[in-house]
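Written below as structure tokens is the structure these notes are about.
What follows is calculated from the coordinates using simple rules that are stated; it is not laboratory data. Because the structure is predicted, anything quoted here is derived from the model rather than measured. Every residue, glycine among them, receives a Cβ derived from its backbone with ideal geometry; neighbour counts consider all protein chains shown.
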Amino acid sequence: ECPFCGEAAGRELEQHVRARHGHLLGAPGTDIGDGDQLYECPMCSLTCTNIQILEEHVELHLEEHNFSEGGNIRDLELAQQLQTEEDERQRSEEEKREKEEFKKLQRQYGLDNSGGFKQQFIKNMEREVDRGRMQPFEYHKRKADMMESLASGIDDGKTKTSGVIEALCKYYQKENKDVRHVWLSAGVDHFHSSLGDRGWGCGYRNFQMLLSSLLQNSSYNDCLRDTTLIPSIPKIQSMIEDAWREGFDPHGASHFNNRLHGSKAWIGACEIYSLLTSLRIKCQIIDFHKPTGPMDTHPRLFEWILHYYSTDNEGGAKVVCTSKPPIYLQHQGHSRTVVGIEERKNKSLCLLLFDPGCSSQQMQKLLKQNSDGTGLKLLRKFVGSLKEKQYQIVAVDGVLSLEEKAARCHASQVLTSERIP
């Protein structure tokens, strides 16, 4: 502002003062009569005849300078504030995104406390009734059967198909010109997912398949004397928890917060190993952690399984029905049961898999195998069909003594202590 009239002059203050109030000023370095002294501004070339006017003028310079400096500071503070707010916003969004991803993973792996087999079974049946696919009387009957199964801890057998291995043995003996040799596991029942475990129960169903074979083998009578019938999925969950309490796989147990029962938690090879070992069943985990063939294939997996079934079962017979238990096969997101392997006339190998995702209706077709073998498409997996990044298998090979069981339990604890800092 002009010190004489108060009008806003901005950076043109000097020109404004000389134009409007020149009578108060003198030329620089001159006197203006009667010996009046001129006062020159130390910050610009403006000269005043009055010391008070000069002081007001200089104060304007100082105020302008302070305003300019203050403006720069405020601009910096504003920029820093805006950056801080942006950082906070991004951090908040990242935390929100991480929480959503974590909840998504919890739901995916059944760790979101949304209930387990029983709750899902009832919910899915109610949905079937609402859609007119199930009559109310059927709903109440199936619910009663399910509650009885849960109370007894025994699977109701409604998803079981028996006799497939025997049917395959007869088929291979009569048909299939492309197969040079085939090795089949000991007898095994197929179990598929139900309304209570659809989407998460494959690991449990594959354990039921493996157990169904072991129960038919007298070599395992002693260690399975308390498990003479196929347990239900909630019962299997409790059995795994019992194995954890014995000390097996503390690291895996902590992943599930030591609790499976009442959840929809996925299980994998480590849980199957811990459960079998706690029952004194000798088994091993083999990890095929990376592809060993072209185009991300796993030929060494096939070779290992061929060796497993063909060892002690060599000979010229085309069809070999072995006494070997089936093999648990795990990869990211799913598991299946290996029940045999074909060696084709072109030297290629083909696994025979029981998949919990196949329904009883599909498996029943294998009991009435056509001569063209079209039903075998459900079971056959060639090397090019298994292209996941990593596979794990659990293979059973005998019975453990009490001392061997204790040693394996101790080994799993030592491994955990070395792995966790």
- Item | Spin-label model distance (nm) - residue 347 vs residue 96, 7 Å beyond Cα toward Cβ | 6.1 nm
- Task: Take the cross-link list 160/387; 143/170; 160/282; 158/368; 174/381 and give me the ones stretching past 31 Å between alpha-carbons.
- Result: 143/170
- Query: Under a point spin-label approximation (7 Å from Cα along Cα-to-Cβ), what is the residue 226-residue 7 distance to one decimal in nm?
  - Reply: 10.4 nm
- Take each of the peptides 228-235, 252-259, average the number of other beta-carbon atoms within 10 Å over its residues, and list them starting from the highest. 228-235, 252-259
- Message: At 0.36 nm per residue, and after removing the present C-alpha to C-alpha distance, how many nm does the segment from residue 154 to residue 85 gain when stretched out fully?
- Response: 19.0 nm
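Which value in Å does the Kirkwood hydrodynamic radius of the range 193-271 take, with 1/r averaged over all unlike C-alpha pairs and then inverted?
Across the range 193-271, the inverse of the average 1/r is 13.4 Å.
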- Message: Based on C-alpha coordinates, I'd like the Rg and Dmax of the range 300-350, in Å.
- Response: 11.9, 39
- Item | Residue-span extension gain [residue 40 to residue 129] - 0.36 nm each, minus C-alpha spacing | 22.1 nm
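What's the local net charge at residue 89, with K and R +1, D and E -1, over the other residues with C-beta under 14 Å away?
-4
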- Pop the C-beta distance of residue 50 and residue 289 into the FRET formula with R0 = 60 Å and round what comes out to the nearest 0.05. 0.05
- Residues residue 397 and residue 360, FRET efficiency given R0 of 35 Å [Cβ-Cβ distance, rounded to 0.05]: 0.70
- So how do 293-305, 337-349, 196-208 stack up, highest first, on mean other-Cβ count within 10 Å? 196-208, 337-349, 293-305
- Item | Listed residues 163, 117, 152: farthest to the positive end of the dipole of the range 117-419 (Cβ charges) | 163
